[in-house]
Amino acid sequence: QVQLVQSGAEVKRPGASVKVSCKASGYTFTSIYVHWVRQAPGQGLEWMGWINPKSGGTNYAQKFQGRVTMTRDTSVSTAYMDLGRLTSDDTAVYYCARGSGTYHSAADYWGQGTLVTVSS
Amino acid sequence: QSALTQPASVSGSPGQSITISCTGTSSDVGGYNDVSWYQQHPGKAPKLMIFEVSNRPSGVSNRFSGSKSGNTASLTISGLQAEDEADYYCNSYTASSTYVFGTGTKVTVL
(Lines give C-alpha, C1' and ligand atoms only; values in the text may rest on other atoms or scores of the structure.)
Protein backbone atom coordinates (compact mmCIF):
# COMPACT_ATOMS: atom_id res chain seq x y z
CA GLN A 1 0.00 0.00 0.00
CA VAL A 2 1.10 3.55 -0.67
CA GLN A 3 2.72 5.24 2.32
CA LEU A 4 4.55 8.49 2.94
CA VAL A 5 6.38 8.50 6.26
CA GLN A 6 7.88 11.75 7.50
CA SER A 7 10.62 12.43 9.99
CA GLY A 8 9.88 13.40 13.57
CA ALA A 9 9.11 16.69 15.26
CA GLU A 10 11.80 19.36 15.42
CA VAL A 11 12.51 22.33 17.68
CA LYS A 12 14.73 25.00 16.17
CA ARG A 13 16.12 28.37 17.19
CA PRO A 14 15.34 31.46 15.10
CA GLY A 15 17.79 31.78 12.23
CA ALA A 16 18.44 28.05 12.04
CA SER A 17 17.46 25.62 9.27
CA VAL A 18 15.33 22.49 9.35
CA LYS A 19 15.31 19.50 7.02
CA VAL A 20 12.21 17.29 6.88
CA SER A 21 12.26 13.93 5.12
CA CYS A 22 9.44 12.04 3.43
CA LYS A 23 10.02 8.35 2.67
CA ALA A 24 7.75 6.85 0.02
CA SER A 25 6.77 3.22 -0.38
CA GLY A 26 4.19 1.17 -2.24
CA TYR A 27 4.62 2.86 -5.62
CA THR A 28 7.30 3.92 -8.07
CA PHE A 29 8.82 6.95 -6.35
CA THR A 30 10.16 8.52 -9.56
CA SER A 31 6.81 8.48 -11.35
CA ILE A 32 4.88 10.94 -9.19
CA TYR A 33 5.64 14.49 -8.04
CA VAL A 34 5.96 15.27 -4.34
CA HIS A 35 4.39 18.45 -2.99
CA TRP A 36 5.11 20.15 0.32
CA VAL A 37 2.34 21.93 2.23
CA ARG A 38 2.42 23.54 5.64
CA GLN A 39 -0.18 24.55 8.21
CA ALA A 40 0.50 26.98 11.04
CA PRO A 41 -1.41 26.39 14.30
CA GLY A 42 -5.08 27.18 13.80
CA GLN A 43 -4.46 28.39 10.25
CA GLY A 44 -5.13 27.16 6.73
CA LEU A 45 -3.08 25.16 4.28
CA GLU A 46 -0.18 26.82 2.47
CA TRP A 47 1.45 25.33 -0.65
CA MET A 48 5.24 25.51 -0.57
CA GLY A 49 6.38 23.78 -3.74
CA TRP A 50 6.92 20.52 -5.56
CA ILE A 51 9.75 18.32 -6.72
CA ASN A 52 9.80 15.95 -9.67
CA PRO A 53 11.60 12.91 -8.22
CA LYS A 54 12.58 11.66 -11.67
CA SER A 55 14.42 14.76 -12.85
CA GLY A 56 14.99 16.59 -9.58
CA GLY A 57 13.24 19.62 -11.04
CA THR A 58 11.52 21.90 -8.54
CA ASN A 59 9.02 24.73 -8.37
CA TYR A 60 8.65 26.87 -5.27
CA ALA A 61 6.03 29.34 -4.10
CA GLN A 62 7.39 32.85 -4.48
CA LYS A 63 7.08 33.39 -0.73
CA PHE A 64 9.73 30.74 -0.06
CA GLN A 65 12.09 31.42 -2.97
CA GLY A 66 15.66 31.64 -1.73
CA ARG A 67 14.83 30.07 1.60
CA VAL A 68 13.58 26.60 0.67
CA THR A 69 15.31 23.73 -1.11
CA MET A 70 13.57 20.52 -2.12
CA THR A 71 15.69 17.52 -3.00
CA ARG A 72 15.33 13.78 -3.34
CA ASP A 73 17.36 10.60 -3.04
CA THR A 74 15.93 8.04 -5.45
CA SER A 75 18.08 5.25 -3.95
CA VAL A 76 15.98 5.40 -0.77
CA SER A 77 12.75 6.78 -2.29
CA THR A 78 12.90 9.83 -0.07
CA ALA A 79 12.12 13.49 -0.64
CA TYR A 80 13.51 16.27 1.52
CA MET A 81 12.43 19.83 2.30
CA ASP A 82 15.03 22.17 3.74
CA LEU A 83 13.83 25.55 5.06
CA GLY A 84 16.36 28.12 6.24
CA ARG A 85 16.45 31.39 8.19
CA LEU A 86 13.62 30.21 10.39
CA THR A 87 11.43 32.63 12.32
CA SER A 88 8.54 32.05 14.71
CA ASP A 89 6.20 32.43 11.74
CA ASP A 90 7.58 29.14 10.39
CA THR A 91 6.15 27.20 13.33
CA ALA A 92 3.80 24.79 11.61
CA VAL A 93 3.01 21.22 10.66
CA TYR A 94 4.77 20.39 7.41
CA TYR A 95 3.23 17.78 5.12
CA CYS A 96 4.51 15.99 2.06
CA ALA A 97 2.00 14.62 -0.42
CA ARG A 98 2.29 12.86 -3.75
CA GLY A 99 0.68 14.63 -6.67
CA SER A 100 -1.18 12.33 -9.04
CA GLY A 101 -3.44 12.99 -12.01
CA THR A 102 -3.01 14.75 -15.32
CA TYR A 103 -1.30 17.74 -13.76
CA HIS A 104 0.68 15.95 -11.03
CA SER A 105 -1.24 17.96 -8.46
CA ALA A 106 -3.96 15.72 -7.06
CA ALA A 107 -2.53 15.03 -3.61
CA ASP A 108 -4.02 11.59 -3.03
CA TYR A 109 -1.63 10.37 -0.33
CA TRP A 110 -0.17 12.47 2.47
CA GLY A 111 2.50 12.01 5.06
CA GLN A 112 1.54 12.13 8.73
CA GLY A 113 2.94 15.64 9.12
CA THR A 114 6.01 16.95 10.93
CA LEU A 115 5.66 19.63 13.59
CA VAL A 116 8.42 22.21 13.40
CA THR A 117 8.55 24.59 16.34
CA VAL A 118 10.73 27.70 16.12
CA SER A 119 11.44 29.18 19.51
CA SER A 120 14.25 30.90 21.32
CA GLN B 1 -0.22 35.07 -4.78
CA SER B 2 -3.21 35.69 -2.53
CA ALA B 3 -5.27 32.83 -1.16
CA LEU B 4 -8.45 31.95 -3.00
CA THR B 5 -11.60 33.22 -1.28
CA GLN B 6 -13.90 30.75 0.48
CA PRO B 7 -16.72 31.40 2.96
CA ALA B 8 -15.49 31.01 6.52
CA SER B 9 -18.33 28.70 7.43
CA VAL B 10 -21.23 26.79 5.92
CA SER B 11 -23.80 24.77 7.81
CA GLY B 12 -26.66 22.42 7.04
CA SER B 13 -28.89 19.81 8.56
CA PRO B 14 -28.42 16.08 7.99
CA GLY B 15 -29.70 15.09 4.57
CA GLN B 16 -29.48 18.58 3.13
CA SER B 17 -27.16 19.75 0.37
CA ILE B 18 -24.59 22.50 0.80
CA THR B 19 -22.25 24.23 -1.62
CA ILE B 20 -18.87 25.75 -0.85
CA SER B 21 -17.54 28.38 -3.23
CA CYS B 22 -13.93 29.11 -4.11
CA THR B 23 -13.37 32.41 -5.90
CA GLY B 24 -10.19 33.34 -7.67
CA THR B 25 -9.26 35.14 -10.85
CA SER B 26 -8.65 34.39 -14.51
CA SER B 27 -5.01 33.78 -13.53
CA ASP B 28 -5.87 30.80 -11.38
CA VAL B 29 -9.32 29.17 -11.01
CA GLY B 30 -10.74 30.73 -14.15
CA GLY B 31 -7.80 29.92 -16.35
CA TYR B 32 -7.17 26.24 -15.62
CA ASN B 33 -8.96 22.97 -14.97
CA ASP B 34 -6.43 22.11 -12.30
CA VAL B 35 -8.65 22.70 -9.27
CA SER B 36 -8.91 20.29 -6.37
CA TRP B 37 -10.73 20.08 -3.05
CA TYR B 38 -9.55 18.69 0.30
CA GLN B 39 -11.33 17.69 3.49
CA GLN B 40 -9.49 17.98 6.79
CA HIS B 41 -10.66 16.73 10.16
CA PRO B 42 -9.02 18.20 13.30
CA GLY B 43 -5.53 16.91 13.87
CA LYS B 44 -5.53 14.89 10.64
CA ALA B 45 -3.84 15.23 7.27
CA PRO B 46 -6.00 16.58 4.43
CA LYS B 47 -7.88 14.14 2.23
CA LEU B 48 -8.39 14.58 -1.52
CA MET B 49 -12.10 14.80 -2.37
CA ILE B 50 -12.15 16.24 -5.91
CA PHE B 51 -9.42 16.79 -8.52
CA GLU B 52 -9.33 18.42 -11.95
CA VAL B 53 -12.50 20.40 -11.12
CA SER B 54 -14.97 17.53 -11.03
CA ASN B 55 -13.20 14.16 -10.78
CA ARG B 56 -13.70 12.04 -7.72
CA PRO B 57 -10.92 9.71 -6.50
CA SER B 58 -11.86 6.10 -5.95
CA GLY B 59 -13.27 5.60 -2.49
CA VAL B 60 -14.75 9.09 -2.17
CA SER B 61 -18.51 9.13 -1.79
CA ASN B 62 -20.54 10.24 -4.80
CA ARG B 63 -22.26 12.68 -2.45
CA PHE B 64 -19.31 14.96 -3.18
CA SER B 65 -19.23 16.76 -6.52
CA GLY B 66 -17.25 19.62 -8.02
CA SER B 67 -17.86 22.19 -10.72
CA LYS B 68 -16.53 25.49 -12.04
CA SER B 69 -18.05 28.58 -13.62
CA GLY B 70 -15.82 31.46 -14.62
CA ASN B 71 -13.46 32.32 -11.78
CA THR B 72 -15.42 30.37 -9.15
CA ALA B 73 -15.15 26.68 -8.34
CA SER B 74 -17.70 24.93 -6.16
CA LEU B 75 -17.88 21.82 -4.01
CA THR B 76 -21.33 20.41 -3.33
CA ILE B 77 -22.04 17.92 -0.58
CA SER B 78 -25.43 16.25 -0.94
CA GLY B 79 -27.16 14.16 1.70
CA LEU B 80 -25.10 15.85 4.42
CA GLN B 81 -23.89 13.48 7.15
CA ALA B 82 -22.37 14.05 10.57
CA GLU B 83 -19.02 12.71 9.33
CA ASP B 84 -18.86 15.50 6.74
CA GLU B 85 -18.25 18.04 9.50
CA ALA B 86 -14.71 19.23 8.78
CA ASP B 87 -12.66 21.97 7.17
CA TYR B 88 -12.59 22.11 3.38
CA TYR B 89 -9.95 23.74 1.18
CA CYS B 90 -9.82 24.37 -2.55
CA ASN B 91 -6.54 24.46 -4.45
CA SER B 92 -5.75 25.82 -7.89
CA TYR B 93 -2.89 26.03 -10.36
CA THR B 94 -1.85 29.59 -11.14
CA ALA B 95 -0.37 31.52 -14.05
CA SER B 96 2.89 31.66 -12.10
CA SER B 97 3.15 27.86 -12.46
CA THR B 98 2.55 27.52 -8.74
CA TYR B 99 -0.43 26.45 -6.64
CA VAL B 100 -2.56 28.33 -4.14
CA PHE B 101 -5.01 27.12 -1.50
CA GLY B 102 -8.28 28.72 -0.54
CA THR B 103 -8.85 30.33 2.85
CA GLY B 104 -10.76 27.29 4.08
CA THR B 105 -14.39 26.65 5.02
CA LYS B 106 -15.64 25.08 8.22
CA VAL B 107 -18.64 22.86 7.55
CA THR B 108 -20.99 22.33 10.48
CA VAL B 109 -23.71 19.69 10.51
CA LEU B 110 -26.55 21.02 12.64
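Checking the condition surrounded by 19 or more Cβ atoms within 10 Å (Cβ to Cβ) and within 14 Å of chain A (Cβ to nearest Cβ), which residue from B:GLY24, B:GLY31, B:GLY43 passes?
B:GLY24
Looking at B:TYR88, B:TYR99, B:TYR93 in this structure, which one is under 21 Å from A:TYR109 (Cα atoms), surrounded by fewer than 22 Cβ atoms within 10 Å (Cβ to Cβ), of a type outside the set (Gly, Ala, Ser) and within 14 Å of chain A (Cβ to nearest Cβ)?
So the residue among B:TYR88, B:TYR99, B:TYR93 that is under 21 Å from A:TYR109 (Cα atoms), surrounded by fewer than 22 Cβ atoms within 10 Å (Cβ to Cβ), of a type outside the set (Gly, Ala, Ser) and within 14 Å of chain A (Cβ to nearest Cβ) is B:TYR93.
Report whether or not A:LEU86 is open to solvent by less than 60 Å² (accessible area, probe 1.4 Å) and part of a loop (DSSP other than H, G, I, E, B).
yes
For every residue, the table says whether it meets (1) more than 8 Å from chain B (Cβ to nearest Cβ); (2) loosely packed, with under 15 Cβ neighbours inside 10 Å; (3) touching a strand residue (DSSP E or B) at 6+ places or on another chain (Cβ under 6 Å); (4) charged (D, E, K, R).
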{"position": "A:THR74", "(1), (2), (3), (4)": "yes, yes, no, no"}
{"position": "A:VAL93", "(1), (2), (3), (4)": "yes, no, yes, no"}
{"position": "A:ALA107", "(1), (2), (3), (4)": "no, no, yes, no"}
{"position": "A:TRP110", "(1), (2), (3), (4)": "no, no, yes, no"}
{"position": "A:VAL116", "(1), (2), (3), (4)": "yes, no, yes, no"}
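For B:ASN62, state whether it is at the interface with chain A (Cβ under 10 Å from one of its Cβ atoms), at pLDDT 95 or above and outside any strand (DSSP E or B).
no
Hey, among A:PRO53, A:PRO14, which residue is over 22 Å from B:GLY102 (Cβ atoms), buried (at least 16 other Cβ atoms within 10 Å of the Cβ) and in contact with a helix residue (DSSP H, G or I) (Cβ under 8 Å, 6 or more places away or on another chain)?
It is A:PRO53.
Is it the case that some residue within segment A:27-36 is within 23 Å of B:ASN33 (Cβ to Cβ) and more than 14 Å from every other protein chain (Cβ to nearest Cβ)?
yes
I need the full set of residues from segment B:69-85 which are crowded, with 20+ Cβ neighbours inside 10 Å and either modelled with pLDDT under 95 or within 26 Å of A:LYS63 (Cβ to Cβ) (or both), in order please.
Within segment B:69-85, B:ALA73, B:LEU75 qualify.
Could you list, in sequence order, all residues of segment A:91-107 that are in a strand (DSSP E or B) and without any contact (Cβ under 8 Å) to a residue 24 or more places away in the chain?
A:ALA106
The values are calculated or read from the model by the stated rules, or taken from the named source; none is laboratory data. As the structure is a computational prediction, the values presented were derived from the model and not from experiment. Cβ sites come from the backbone with ideal geometry, for glycine too, and all protein chains shown count toward neighbours. Remember, those area values only see protein heavy atoms, side chains included, never the ligands or the DNA or RNA. Shrake-Rupley method; radii C 1.70, N 1.55, O 1.52, S 1.80 Å.
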